[in-house]
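Read the structure below first, then the notes.
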């Protein structure tokens, strides 16, 4: 029966795609090549470099801008937050931004970009904060 054959093929195609996490990787490859994502990642990368060079003002500007740009991207593509590496990169950027705010004498804002990632991962935030504190206390 041709209908059963089509149904069977769709079933197995769906299973194979889920097994390999195809929807995630298809979305990620599409989004990672978009100019907005490239620019957001560039800003975070440069912001982190400036943080460790102790160029606080420029680090703050780039980290904040990069996080805001990521917020807009992830609102459209929330599936990308399923990747642990992505979550860790966001939290590291947030921690550095908060450090810069404190150094500048400003409190952490009540709401901030990618706040959902921060709130959903308290253990990871604590662990990464500890690692960053150790690195900062060792003289960057």
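Just a few scattered comments:
- Here residue 16 passes the criteria (1) farther than 22 Å from residue 127 by Cα; (2) surrounded by 11 or more Cβ atoms within 10 Å (Cβ to Cβ); (3) modelled with pLDDT under 95 except the one numbered (2).
- Residue 115 being without any contact (Cβ under 8 Å) to a residue 24 or more places away in the chain and either within 14 Å of the chain's Cα centre (by Cα) or within 18 Å of residue 30 (Cα to Cα) (or both): yes
- When we screen 50, 57, 63 for residues that are in the same structural domain as residue 128 (by TED's automatic domain parsing) and closer than 17 Å to residue 129 by Cβ, the only hit is 63.
- Residue list for region 117-135, filter: assigned to a helix (DSSP H, G or I) and surrounded by 14 or more Cβ atoms within 10 Å (Cβ to Cβ): 117, 118, 124, 125, 128, 129, 132
The values are calculated or read from the model by the stated rules, or taken from the named source; none is laboratory data. Values in this document were obtained by computation on a predicted structure and should not be read as measured data. Counting neighbours? That spans all protein chains shown, and the Cβs are built from the backbone with ideal geometry, glycine included.
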